[in-house]
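Before any comments, here is the structure.
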Amino acid sequence: MSYLRAGTILRVNLSTGEAGKIPVDAYAERFVGSKGINVKLLFDGLEPDTLPLDPGNLLLFGAGPLVGTPFPGASRTDVMARSPVGGGLGGSSMGGYFSGELKFAGYDNLVVEGRAEKPVYLCIRDERVEIWDASAVWGRDTVDTPSLIRDELRDPETQVVCIGPAGERRVVYASIVGADGSVAARSGLGAVMGAKNLKAVAVRGTRGLRVARPGEFLDECRKARHAIEHHPAYPALRRDVNRHHDFEWRMFASLRGDWWPGAENICEEDFARRYAPRALGCLACPLACRHSYDIDGIGSGSIKCSPYGDLTWGIRNPDHLIMLRSHLDCQQYGLDTRSVSAVLAWLMELCDNGIISAQETDGIPMEYGSREAILALPRKMAYREGIGDLLAQGLPAAARGIGRGAEEYLRTAKGSPIDVNPAATKSRGLATALAATGEGSQAQAYVMDVLAGRYLESDRASFEQVLARQKERAEKEIGIRDAPDPTTTVGKAALVCQGEDYAAVCDLTGVCSWMTPFIGLPVDTATIARAMTAGLGVETTPQTLFQAAARLRHVSRAFGIRCGLDRRDDVVSSGFRNQTNRSAPELGFTEAELEKMKDDYYRLVGWDISTGAPTEKTLRGTGLADVAERLRPR
């Protein structure tokens, strides 16, 4: 009997039309759930010569054991495949209600393989698993598609995730979008879905979940929610998250030394208060961090977090209405807004340096802040029109196509665009270089950005006071007192490793990281472990979860190694590395410093210093002997 978990992994082959089911228990003991199980299924099921857009690539959806319960923020869906962006591990996480519905239908994980002969969508209704004709919705956007599928199924409560025109055309930055506006945005997973001729996955579940000790479990959920709602950071995050963003974007601009005329007038808080009538939350969320917009002449949809800064500060655009229109277009086309903003920022820098002209961008001058450019690019990329066809192949390919030194301006890691706003501090640089997907923000302790900002803007005495408090905390938590100092490489590997572990616990259990100290709230690993213990009826400790996090790290790395990636790929582009404020170069890092931090990290986690591969001793010592066998040279 399964507690907390639905108990089954569903596998669907679009080429044959067959569906099969296997027990989740064989994976749950070592990998807990969601992302942990996904990565093991992908590692076991994919041959190294299977390319990202081949029928043999696997597309996986995972829901953690706490999903579908009242535990605060337990709403995340992990989505995974081999990525067309970087060629290695592709992973993204989305909120909303899809993961809960998948659990209620009886499945913890869904594996989709093969390629349908014509456009289809997958319909899951408890035991009934069917492949439906999608010709009526192929070509439709991500707003219309869920509504049309629900109408066809005659069930308005069906949860739908789908791709838009970008995914259908296999644009490498295509995303998977939920009916509520939640997005699995990074790694080009929408392109993988499009390559399978899979327009959507529709799920309706009518089952419940079993809990080993219901009274104790509900008590743990109540305690966690009470701790959140009575935490000093909660009121600001609940009602004034945009004020927090405004502070963050300004801090990043200072760290980059990138102030421009009009930047001082950007105020996300004022914009949201004027135009956003309500906030939207995911399943079991006490925070509701997404904003809903419906503005005449602009459109309707929702935003969480990054587009506010990516499409304003990142491209020197002071107009939030232009930001919103561009973001809503990305959302409807099924494009990753953050990647599109990175493309815009790159083109605008090329234009500013005389490398490209309007003649090469379909007559549209790619000048910083250009309204025409910001509004035109999403459609061009989604439909592969003109310059959009080149850009749809990804930034590295586009840079090669343009030539003339365009590659020197890229801000990428493992082929993936790096966030346009954060500066290249030491810990962020290391986290980004090491990330399997080229996206390291979750492993970067936010306090390190704050400390770097204090170093830049505060008097030395004030900075030292703040630093002293963080040093005491670091000495207690990781045993390296000088780790928080933003001017030194000391301890950065341990900080990044700690950040990865905390993020992994959320990814394994299905809990949103915004409930945790990552954003300043109190749901820590001990809180999650207590809920897991009560729900499963088996003792789960923080150490148990961190051991599973280590397995996730090692299998993710092993997958990258099998895809041909190694230590040489743990780098960031020079365009990113060189964007730290020139008045404080000590906050940034050199190539040599990055290599030193990588050595520290590899030693810490038990990877080979020369290749970056997990050693056989490490794999066997963490219960991954089967992974070690497959990594052995043949």
Could you list, in sequence order, the residues of segment 46-83 that are acidic (Asp, Glu) and either without any contact (Cβ under 8 Å) to a residue 60 or more places away in the chain or assigned to a loop (DSSP other than H, G, I, E, B) (or both)? Glu47, Asp49, Asp54
Can we say Ala284 is in contact with a Ser or Thr (Cβ under 9 Å, 6 or more places away or on another chain) and modelled with pLDDT of 90 or more? yes
Determine whether Val24 is touching a helix residue (DSSP H, G or I) at 6+ places or on another chain (Cβ under 9 Å) and closer than 21 Å to Asp626 by Cα. yes
Among the residues listed as Tyr383, Tyr333, Tyr293, the single one being buried (at least 17 other Cβ atoms within 10 Å of the Cβ), under 24 Å from Ser182 (Cβ atoms), among the aromatic types (Phe, Trp, Tyr) and under 21 Å from the mean Cα position of the chain (by Cα): Tyr333
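To keep it simple, each residue is scored yes or no on (1) without any contact (Cβ under 8 Å) to a residue 40 or more places away in the chain; (2) touching a helix residue (DSSP H, G or I) at 6+ places or on another chain (Cβ under 8 Å); (3) in a loop (DSSP other than H, G, I, E, B); (4) surrounded by 22 or more Cβ atoms within 10 Å (Cβ to Cβ).
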residue: Ala136; (1), (2), (3), (4): yes, yes, yes, no
residue: Ala191; (1), (2), (3), (4): no, yes, no, yes
residue: Gly194; (1), (2), (3), (4): yes, yes, no, yes
residue: Ala202; (1), (2), (3), (4): no, yes, no, yes
residue: Phe217; (1), (2), (3), (4): no, yes, no, yes
For Gln470, indicate whether it is assigned to a helix (DSSP H, G or I) and polar (S, T, N, Q). yes
For Glu101, state whether it is buried (at least 23 other Cβ atoms within 10 Å of the Cβ), in the same structural domain as Phe61 (by TED's automatic domain parsing) and not in a strand (DSSP E or B). yes
In the set Thr525, Thr533, Thr516, which member is in contact with a Ser or Thr (Cβ under 6 Å, 6 or more places away or on another chain) and either touching a residue at least 12 places away in the same chain (Cβ under 8 Å) or not assigned by TED's automatic domain parsing to the domain that holds Ala74 (or both)? Thr533
What residue, of Ala504, Ala483, Ala493, is crowded, with 22+ Cβ neighbours inside 10 Å, small (Gly, Ala, Ser), within 12 Å of Met448 (Cα to Cα) and in contact (Cβ under 8 Å) with a residue 12 or more places away in the chain? Ala483
The conditions are (1) surrounded by fewer than 24 Cβ atoms within 10 Å (Cβ to Cβ); (2) under 24 Å from the mean Cα position of the chain (by Cα), and Thr158 fails exactly one of them. Which is it? (2)
Hey, which of the helices (runs of 4 or more DSSP H) in segment 565-634, taking only ones fully inside, have at least 2 residues that are touching an Asp or Glu at 6+ places or on another chain (Cβ under 8 Å)? 574-577, 591-605, 625-631
Of the residues Val160, Val192, Val203, Val172, only one is more than 27 Å from Pro378 (Cα to Cα) and of a type in the set (A, V, I, L, M, F, W, C); which? Val203
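The values are calculated or read from the model by the stated rules, or taken from the named source; none is laboratory data. Quick caveat, the model's predicted, so the values are computed rather than measured. Every residue, glycine among them, receives a Cβ derived from its backbone with ideal geometry; neighbour counts consider all protein chains shown.
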